[in-house]
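The values are calculated or read from the model by the stated rules, or taken from the named source; none is laboratory data. Since we're looking at a predicted model, the values are computed, not measured. FYI the Cβ positions are ideal-geometry reconstructions off the backbone, even for glycines, and counts take in every protein chain you see. Just so you know, the surface numbers come from the protein's heavy atoms only, side chains and all, with ligands and any DNA or RNA stripped out. Shrake-Rupley method; radii C 1.70, N 1.55, O 1.52, S 1.80 Å.
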Amino acid sequence: MTGLFMLYIAIHAMIVPSVSPKEQGARSLREVIVALGNVAPFFVLILGTLGGLYYGVVTTTEAAVIGCFLSIFLGAVFGDLTVKKLIAAMHSTVNFTGNILFLIFAAYVFSYAIASPASARS
């Protein structure tokens with residue numbers, strides 16, 4: 001699938017050249033440092049979450065909490081995360097999680113109905 005996706009991107013870029021950036025030559029050291037600074041928050045998030053797991057300092061649940069707090073902190077410091085956007089994200093998360101939990105509950109009820117002894121008599 002990855003190979004096919006890469007092939008699709010290459011063909012699409014040849015047909016529509018405006019969708020792909022043009023090579024601009026060698027980069028200066030300043031541009032490289034700025035680019036590394038732009039991805040540094042992602043490394044902090046990954047190291048903060050997975051680093052504790054790999055070193056055995058935290059459990060998976062604690063690592064998830066660390067990841068959540070780090071993403072909120074980094075979004076507020078380096079991004080445009082505001083309290084209003086955070087509350088909207090929490091509402092969206094609760095809505096999405098509620099939908100999934102309803103599906104799990106419905107599957108549980110359905111499996112109970114199929115496997116119950118009362119249904120075997122009819």
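Averaged over its residues, the chain has an accessible area of 86 Å² per residue, based on protein heavy atoms and a 1.4 Å probe. Projected label points at Thr93 and Ala64, each 7 Å from Cα along the beta carbon direction, are separated by 1.1 nanometres.
Relative to the longest principal axis of the Cα atoms of the chain, the long axis of helix 2-15 lies at roughly 50 degrees.
Taking 0.36 nm per residue of separation and subtracting the Cα-Cα distance, full extension of the segment from Ser28 to Tyr108 would add 22.9 nm. Angle between the Cα long axis of helix 60-78 and the longest principal axis of the chain, 0 to 90 degrees, nearest 10? Around 40 degrees separate the two axes.
A simple rule links phi to the HN-Hα coupling: the Karplus curve 6.51 cos²θ - 1.76 cosθ + 1.60 with θ = phi - 60°, which for segment 100-106 gives 5, 5, 5, 5, 5, 4, 5 Hz, with x for Gly and Pro. Averaging over all projection directions, the Cα-based convex hull of the chain occupies 15.9 nm² in the image plane. A simple rule links phi to the HN-Hα coupling: the Karplus curve 6.51 cos²θ - 1.76 cosθ + 1.60 with θ = phi - 60°, which for segment 43-56 gives 5, 4, 5, 5, 5, x, 7, 7, x, x, 5, 5, 8, x Hz, with x for Gly and Pro. Using a probe of 1.4 angstrom, how much of the accessible area of the chain is carbon and sulfur, in percent? Its accessible area is 75 percent carbon and sulfur atoms. Subtracting the Cα-Cα distance of Asp80 and Tyr55 from 0.36 nm times their residue separation leaves 5.8 nm of extension gain. Here's the picture: charge each Lys and Arg Cβ at +1 and each Asp and Glu Cβ at -1 in the chain, and of Leu45, Val83, Gln24 the one pushed furthest to the positive end of that dipole is Val83.
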